[in-house]
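The values are calculated or read from the model by the stated rules, or taken from the named source; none is laboratory data. Keep in mind the model is a prediction, meaning the values are calculated, not measured. So basically every Cβ, Gly included, is an ideal-geometry build from the backbone, and we count neighbours across all protein chains shown.
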Amino acid sequence: MKVGLRVPMFGWRATPDHIEAHARAAEAHGFDSLWVSDHVVMPRQHDSEHRAPFKVEEAFLEPLATMAFLAAVTERVELGVSVLVVPMRQPVLHAKILASLDHLAGGRVILGAGIGWAREEFEVLSMPWDRRGRRTDEMLQLYRAFWTGEPVDFGGEFHRVDGWISRPVPPRRLPIWMGGNSPQQFRRAARWGDGWISRGAEAPLLRKHIGMLHEAAEAEGRDPAELTVAIHSHVVITADGMEQAAEGLAALREVGVQHALTTVDFRETDRVPELIERFGRDHLAELQQD
């Protein structure tokens with residue numbers, strides 16, 4: 001199993017120095033990937049049952065800009081976003097940005113893609129909320145088409161492209177991991193993606209969702225083994241909880257997770273490199289065994 005580490009994205013910890021320290025320590029001590037998350041704006045009040053994981057008055061960094069920073073201070077680790085709300089973006093420009101980022105990062109980008117949960121965020125960006133699923137379908141097709149570097153002809157409900165070309169081409173097939181637990185997201189993962197990324201599910205529900213993903217893959221004529229199973233876990237690495245964190249990640253591996261995202265206790269800001277080093281030295285190799 002691969003193990004990734006989330007970097008500080010919001011609040012007073014989201015500084016160049018803290019992020020760079022996080023990134024360099026993670027790469028030096030064996031972590032496989034670094035991860036960011038996504039919001040553009042957030043109202044003080046909204047109607048969704050979900051809640052933002054940060055105070056709306058705090059700074060929240062733009063994810064792709066942060067990934068570019070991470071690419072500049074690392075050489076080996078993969079760089080992912082969990083998850084980017086793709087239907088809030090313009091697909092042609094966004095395909096270009098992602099391809100450029102992957103080109104500059106040397107083929108290390110992973111796109112975790114979601115459809116969003118905050119209606120108000122769509123409204124302030126003048127994007128249609130009620131049709132975000134259908135827009136996502138078209139966007140995924142456009143990403144794949146533009147990333148070939150060949151002329152693209154596409155006529156959809158929302159977008160029309162007549163012979164346009166966008167380069168550079170990503171150095172590898174840029175992985176798309178769909179986020180979310182709906183049948184539609186499993187279908188998108190199987191039809192256009194390379195994996196699926198869950199968010200903090202317990203083992204029984206995670207097993208159920210992996211089964212749904214595999215069924216969707218078979219319905220699309222794909223081998224389920226082609227799709228990576230990942231999780232944006234609730235496991236936190238703390239000074240006094242190294243063993244518990246390792247056990248939590250090992251339990252995810254037993255369920256079938258192939259790439260797990262974890263977090264270092266951000267309250268230990270000055271000790272983050274030390275905590276990353278300890279966990280890497282004492283636990284990572286065993287977790288990363290097949």
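General remarks:
- Selection count where residues are under 19 Å from residue 166 (Cβ atoms) and in contact with a Lys or Arg (Cβ under 9 Å, 6 or more places away or on another chain), scope the stretch 110-135: 1
- Options 231, 210; residue that is at pLDDT 95 or above and touching a Ser or Thr at 6+ places or on another chain (Cβ under 7 Å): 231
- Within the stretch 254-284, tally of residues that are among the acidic types (Asp, Glu) and within 23 Å of the chain's Cα centre (by Cα): 2
- In the stretch 78-107, the residue that is farthest from the chain's Cα centre (by Cα) out of those that are touching a residue at least 60 places away in the same chain (Cβ under 8 Å) and within 23 Å of residue 200 (Cβ to Cβ) is 78.
- Close contacts from the stretch 150-176, counting a first residue that is touching a residue at least 12 places away in the same chain (Cβ under 8 Å) and under 12 Å from residue 99 (Cα atoms) and a second that is among the polar types (S, T, N, Q) and surrounded by 15 or more Cβ atoms within 10 Å (Cβ to Cβ), with Cβ to Cβ under 7 Å and a gap of 6+ residues or different chains, come to 168/100.
- Selection count, the stretch 33-71, where residues are over 18 Å from residue 272 (Cβ atoms), at pLDDT 95 or above and either of a type in the set (S, T, N, Q) or out of contact with any Leu (no Cβ under 8 Å at 6 or more places or on another chain) (or both): 2
- In the stretch 112-141, the qualifying residues are those that are within 19 Å of the chain's Cα centre (by Cα) and hydrophobic (A, V, I, L, M, F, W, C), and the one that is surrounded by the fewest Cβ atoms within 10 Å (Cβ to Cβ) is 117.
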